[in-house]
Amino acid sequence: MIEAYQIVESNAPWIFTLFAFVIGAVVGSFLNVCIYRIPENRSVIAPGSACACGQPIPFYRNIPIISWILLQGRAACCELKFSIRYPLVELITALLFAACWLQFDPVPALLGMLFCAILLCATFIDLDHMIIPDRFSIGGMVIGVLLACLFPVLHSVESSIPLLASIESGLVAVLGAFVGSGLVYWIAVLGEVIFRKPAMGEGDVKFIGCIGAFCGWQGAVFAMFGGALIGTFVLLPWILALRIRSALKKNVSDVEERLDAAGQVPFGPMLALAAILYYLGLSEYVDAYFNQVAELFSPAAGSAVGR
Ligand SMILES: [Zn+2]
């Protein structure tokens, strides 16, 4: 089995990347079901996929990404339009799975795929309903800690004694979860004092806990500030465009309503995007930065500079 893997890996490594992409598309198809049904408290397994008109969708018309393109975004049974979001979620999942495979060894790649799946579900449910269900935030945090213990490679912990590696990696995950969510909690409290309105939801606090369990405290802190930065870049142009439109059209009530909506943009998707960027490659630079900052405050560095 491992020999066969090595032969293919050395001769045609792209086959595995393609395989990861296809698996990602299939998982993305399942994530669509989760995103749609979990907030409604419906089972994600039964019944099978059905069209909005009630007709069940046969498996051969339910091929990720491809079916949507072949049917040109319309249902085969009743020609109802399907949202482009379905193939988009499948494509994003496929690309992320392929990226994980290219970036890591098999075990951290698989852990990364699971992490991406959790983040994607939480992102789209947050976009739709402004909530992040506990099973993704708290559930993701528990899964992250358990996986850290089972696979210390998640936090790059190496030791000749497996048990020690497991404990250390588990502690990194727990620390990440609590430092991350604790920090976000206090920033939220501070934001409420300054802006006199809730800056972040309880869901975001728990969600950062999940990110911390998978990425450690550095990743959680990065997700917090990186997410805020991404949010600024996404929101500012949008708010600016609305302002310009309001000046041009003078349709004030409509625009005021939209501006109000802009103030209630979910933070979860920004956190998730920053967390994915961290996991997929920025961790090296972020961790190096935090280490440099830590050195500035360590007594050894202080004495070297001082004397
Ligand atoms: Zn239909």
Selection over the range 150-209 where residues are without any contact (Cβ under 8 Å) to a residue 12 or more places away in the chain and over 20 Å from Asp287 (Cα atoms) yields a count of 18
Scanning for something within 25 Å of the chain's Cα centre (by Cα), free of Cβ contacts under 8 Å to residues at least 60 places away in the same chain, over 21 Å from Ile125 (Cβ atoms) and more than 16 Å from the ligand (Cβ to nearest atom), does the range 39-59 turn up at least one residue? no
query = Does Phe124 satisfy being outside the structural domain of Ser10 (by TED's automatic domain parsing), modelled with pLDDT under 95, within 20 Å of Gly24 (Cα to Cα) and more than 16 Å from the ligand (Cβ to nearest atom)?
reply = yes
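Taking the options Ile138, Ile131, Ile125, Ile143, name whichever one is among the β-branched types (Val, Ile, Thr), touching a residue at least 60 places away in the same chain (Cβ under 8 Å) and assigned to a loop (DSSP other than H, G, I, E, B).
Selected residue: Ile131, the only one of Ile138, Ile131, Ile125, Ile143 that is among the β-branched types (Val, Ile, Thr), touching a residue at least 60 places away in the same chain (Cβ under 8 Å) and assigned to a loop (DSSP other than H, G, I, E, B).
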On the basis of being modelled with pLDDT of 95 or more, within 19 Å of Phe267 (Cα to Cα) and surrounded by fewer than 24 Cβ atoms within 10 Å (Cβ to Cβ), does Ala188 make the cut? no
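Looking only at the range 80-95, count every residue that is within 16 Å of the ligand (Cβ to nearest atom) and either at pLDDT below 85 or among the hydrophobic types (A, V, I, L, M, F, W, C) (or both) and tell me the total.
The qualifying residues number 2.
Within the range 96-103, identify whether any single residue is part of a helix (DSSP H, G or I), more than 16 Å from the ligand (Cβ to nearest atom) and surrounded by fewer than 16 Cβ atoms within 10 Å (Cβ to Cβ), and answer yes or no.
The answer is yes; a qualifying residue exists.
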Every listed condition ((1) within 16 Å of the ligand (Cβ to nearest atom); (2) within 23 Å of Ile125 (Cβ to Cβ)) holds for Cys77 save (2)
Looking for something surrounded by fewer than 17 Cβ atoms within 10 Å (Cβ to Cβ), modelled with pLDDT under 70 and in contact with a helix residue (DSSP H, G or I) (Cβ under 6 Å, 6 or more places away or on another chain) - is there at least one such residue anywhere in the range 293-303?
yes
Condition set surrounded by 11 or more Cβ atoms within 10 Å (Cβ to Cβ) and either outside any loop (DSSP other than H, G, I, E, B) or hydroxyl-bearing (Ser, Thr, Tyr) (or both), scope the range 60-69, selection farthest from the ligand (Cβ to nearest atom): answer is Ile66
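The values are calculated or read from the model by the stated rules, or taken from the named source; none is laboratory data. Just so we're clear, the structure is a prediction, and the values are computed from it rather than from any experiment. Don't worry about glycine lacking a Cβ; one is built from the backbone with ideal geometry, like all the others, and counts go over all protein chains shown.
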